[in-house]
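The values are calculated or read from the model by the stated rules, or taken from the named source; none is laboratory data. Just so it is clear, the structure is predicted and the values come from calculations on it, not from any experiment. FYI the Cβ positions are ideal-geometry reconstructions off the backbone, even for glycines, and counts take in every protein chain you see.
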Amino acid sequence: MLYTPEFFSQKEFYDIELMNSHLLYIIDKIRSYFGYVYEHVSCVIHCSNEPPKSKVHVAGSKHYQNEAVDFHINCKDRWGKVVEYQFVALEVANYLHFTTMWNDVGIGFYPEWNSPGFHLDWSPDKHREWQAKYVENADGNKIQVYTPVNYIFE
Ligand SMILES: [Zn+2]
């Protein structure tokens, strides 16, 4: 482990010493970004690296290679309103995009989880394609967002 996260402690990982440092850096920066923009932020890691014998994930999963985390983010806006998953997801996607970290990660969006969240793994040089699309915000106004081509917005 070459990078020591600012926002996560050792006990939040199965074995932080084995974790990929790039991934630790990226999840730490995502959490940091939310702290600038939102209030009462918590970023909860569901699972990180796992021993292969745990058989929690599919064979070959990046969780067994110390290169994946599953997490969700709870936060409120400046008016004290809980930020819904779809907007948290857009913030995560946009942050990764505009920092260009997007090129080096795989990310899964899981609105159907009990605590809707994300799978993030270290996958350098994927060079994913992006598209602009319009979505409706809470006030019914169309806003332009950039999402990966295969991103399902729901
Ligand atoms: Zn995962």
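Inspection of region 16-38 finds a residue satisfying the criterion of being aromatic (Phe, Trp, Tyr), in contact (Cβ under 8 Å) with a residue 12 or more places away in the chain and within 17 Å of residue 124 (Cα to Cα).
Somewhere in region 59-73, is a residue in contact with a Lys or Arg (Cβ under 8 Å, 6 or more places away or on another chain), at pLDDT below 90 and polar (S, T, N, Q)? Scanning region 59-73 turns up no residue that is in contact with a Lys or Arg (Cβ under 8 Å, 6 or more places away or on another chain), at pLDDT below 90 and polar (S, T, N, Q).
Among the criteria (1) within 15 Å of the ligand (Cβ to nearest atom); (2) not in a loop (DSSP other than H, G, I, E, B), the one residue 65 does not fulfil is (2).
Checking the stated criteria, residue 51 turns out not to satisfy the condition of being under 17 Å from residue 19 (Cα atoms), loosely packed, with under 13 Cβ neighbours inside 10 Å and away from the ligand (no atom under 16 Å from the Cβ).
Residues that are free of Cβ contacts under 8 Å to residues at least 60 places away in the same chain, within 18 Å of the chain's Cα centre (by Cα) and closer than 19 Å to residue 108 by Cβ do not occur anywhere in region 1-9.
Among residues of region 105-130 that are at pLDDT below 80, those with a beta-carbon under 8 Å from a residue that is exposed (fewer than 12 other Cβ atoms within 10 Å of the Cβ) at least six positions away or on a different chain give the pairs 128/149; 129/149; 130/149.
Condition first: within 16 Å of the ligand (Cβ to nearest atom), of a type in the set (A, V, I, L, M) and modelled with pLDDT under 95. Can you find one or more residues in region 26-44 that meet it?
No, region 26-44 contains no residue that is within 16 Å of the ligand (Cβ to nearest atom), of a type in the set (A, V, I, L, M) and modelled with pLDDT under 95.
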